[in-house]
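Working notes for the structure below.
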Amino acid sequence: MALVAGVDSSTQSCKVVVVDTGTGRTVRTGSAPHPVGTEVDPSAWWDAVLAALHDAGGLAEVAALAVAGQQHGMVLLDSSGEVVRPALLWNDTRSAAAAGDLVAELGAAELARRCGSVPVASLTITKLRWLRNNEPENAARVAAVALPHDWLSWRLRGYGPAGQGPLGPDLEQLVTDRSDASGTGYWSPGSGSYDLGLFEAALGRPAREAGTPGRTPGLAVLPRVACPSEPVGTLHPDLVPGVAARQVKLGAGAGDNAAAALGLGADKGDVVVSIGTSGTVFAVADAPACDPSGTVAGFADASGGFLPIAVTLNAARVISSVSELLGTTFAEFAELAIAAQPGSAGVVLVPYFEGERTPNLPDATASFHGLSIASTTRENFARAAIEGMLCGLADGLDAIAGTGAGIQRVLLIGGAAQNPAVQAVAAQIFNAPLAIPAPGEYVARGAAVQAAWALDGTRPAWPLETAAAPVRDVRAVIREQYRAAQRQVASHS
Ligand SMILES: Nc1ncnc2c1ncn2[C@@H]1O[C@H](COP(=O)(O)OP(=O)(O)O)[C@@H](O)[C@H]1O
Ligand SMILES: O=C(CO)[C@@H](O)[C@H](O)COP(=O)(O)O
């Protein structure tokens, strides 16, 4: 038996779990908030991970740790290891035009073939093109491009700019993993290597993978892509209390959705629907997906396989926004929604509050439809918010099914999945058996799985506890009326 730690550095917060490798039981947890916004200075993530580790009781007796993180964030480092500018996050849509340019130049089908995805504003590659077009001075300073989890792992090992990293700014020590690399738009799940031509097409400068021989001066450095169970180093003893005299191994880390799949022990036939800051629908697969429509992104997973995924920009915050509008707690919001009828008496919310990623409508806004004097009630607004948010994910589920991923079970996770109204409405929308895992931080748990795997070379098979299994009770009216309203919005966006 040993203790391992998993970190989830996600959009809104950093979460830590400490797990007993023998039983899979979570023995300690911690968390710390992140700043709001779609552009964040990575130092805030660093402060949050130290605070969350402290909140979890430190790393005493912990033998290994891994960091999972929000995907796609563009972390730019100069030659001294300093962050060039605040990171643009996955939910920042300013690079939507740059995405359109890349697709026009290279072709959607060709891009899907080369990097598994059709670039949208979320992907790192589009942010690099935006940087080239809008901040050429910053682009010229770029010596390395990393993702949030890569940069945190680099810092935890003791690297960083003068005064921050005791081991100095060694960019050759940057490491990532297949799953997060596959979200950049310049790494190929098919070949398992960077597509450096796509990187150069975006930033206008060549790059190389860290540690590659024949270091040509001036090339931008990209993190080395580690193997799923590879220990990539150890935590520096001076940075985190409890580490001092011990060697705490560090796993490669992962993108948050791939880590969630590890944390759930998701297998073929499982489809995960995660309702956090982002809405995601993903499966585990033996081969990379290639969808020229862009609805499904063909990512890699964190175990050596693949993770076809559909992602929405508007998820849990649809509920928190409407709940705030109604002046309710989440529990009161649930009561209101449950009191309304399926279909919300014709009220539909197309929840594109921040534009939308899937479908790719970055300039869209949210809209209520079907309002009448009789239907405009708090109950119908609450239920319509849940129905609209889940209908977008149901479209993603259909697309994942279209990749050939058989759907035997839908696992509903993420902060909003704990809401009883979300669970009830999901059973009326998703036409598949539904299981609600026990409340937990499954992204951080997946990072702990990876840490245990890196510690002793064996991937743990920790049990998955199910808290509920809502009975399927599909009400077709919900998606029918949503589809009509959504088409109206899409045609005007
Ligand atoms: N009971 C609840 N009902 C609805 N939404 C909830 C509930 N509990 C938490 N949330 C929402 O879940 C979100 C956080 O979920 P989480 O999966 O931790 O997000 P992420 O990992 O994407 O940052 C927040 O937006 C929060 O408002
Ligand atoms: O963009 C994606 C996946 O492509 C998102 O899943 C981000 O990785 C953010 O995740 P959360 O903060 O919502 O967990």
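The values are calculated or read from the model by the stated rules, or taken from the named source; none is laboratory data. Note that the coordinates shown come from a computational prediction; the quantities given were computed from them, not determined experimentally. Glycine also receives a Cβ, built like all others from the backbone with ideal geometry; neighbour counts cover every protein chain displayed. Surface areas here come from the heavy atoms of the whole protein model, side chains and all, with no ligands, DNA or RNA. Shrake-Rupley method; radii C 1.70, N 1.55, O 1.52, S 1.80 Å.
At-a-glance table
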quantity: Point-charge dipole on Cβ atoms (K/R +1, D/E -1) for the range 52-200, about Cα centre, debye to 20; calculated: 200
quantity: Residues of type aspartates and glutamates that LYS249 reaches as a straight line, Cα spacing below 13 Å, ignoring anything fewer than 8 places off in the same chain; calculated: GLU61, GLU230, ASP456
quantity: The chain: relative contact order as a whole-number percent, Cα under 8 Å and 6+ apart; calculated: 16
quantity: Peptides ranked, highest mean first, by Cβ atoms within 10 Å: ranges 62-69, 29-36; calculated: 62-69, 29-36
quantity: Calculated from backbone phi, Karplus (6.51, -1.76, 1.60) coupling profile of the range 260-265 in Hz, x at Gly/Pro; calculated: 4, 4, 5, x, 8, x
quantity: Charge dipole (the range 318-401, unit charges on Cβ, about Cα centre) - positive-most of LEU325, LEU390, PRO342; calculated: PRO342
quantity: The range 3-256, accessible surface, carbon-and-sulfur percent (1.4 angstrom probe); calculated: 52
quantity: Inter-site label distance for ALA97 and LEU371 at 7 Å from Cα along Cβ, in nm; calculated: 3.2
quantity: Sparsely packed GluC sites (Glu not before Pro) within the range 409-493, loop by DSSP, other Cβ within 10 Å at most 14; calculated: GLU465
quantity: Farthest positive-ward along the range 3-256 dipole, Cα basis, beta-carbon charges - from TRP90, GLY30, GLY197; calculated: GLY197
quantity: Dipole magnitude of the chain, debye to nearest 20 (Cβ charges: Lys/Arg +1, Asp/Glu -1, about Cα centre); calculated: 340
quantity: Where the chain is the region considered: accessible area per residue in Å², 1.4 Å probe; calculated: 35
quantity: Overall Cα dimensions of the chain, principal axis frame, Å, largest first; calculated: 68, 53, 40
quantity: Estimated 222 nm signal from helices in the chain, with DSSP H stretches of n ≥ 4 weighted -39500 (n - 2.57), rounded to 500; calculated: -10000 deg cm²/dmol
quantity: Sparse-neighbour loop sites [trypsin sites (Lys or Arg not before Pro); the range 133-228; at most 15 other C-beta within 10 Å; DSSP]; calculated: ARG215
quantity: Charge dipole (the chain, unit charges on Cβ, about Cα centre) - positive-most of ALA468, GLY404, GLY81; calculated: GLY404
quantity: Nearest-ten-degree value, helix 330-339 long axis tilted from longest Cα axis of the chain; calculated: 30
quantity: Over 22 Å [Cα-Cα, the range 116-259], rounded percent; calculated: 41
quantity: Evaluated at q = 0.08 Å⁻¹: base-10 log I(q)/I(0), Debye formula over Cα of the range 3-256; calculated: -0.29
quantity: Extension gain (nm, one decimal) between ALA244 and ALA467, 0.36 nm per residue minus Cα-Cα; calculated: 76.4 nm
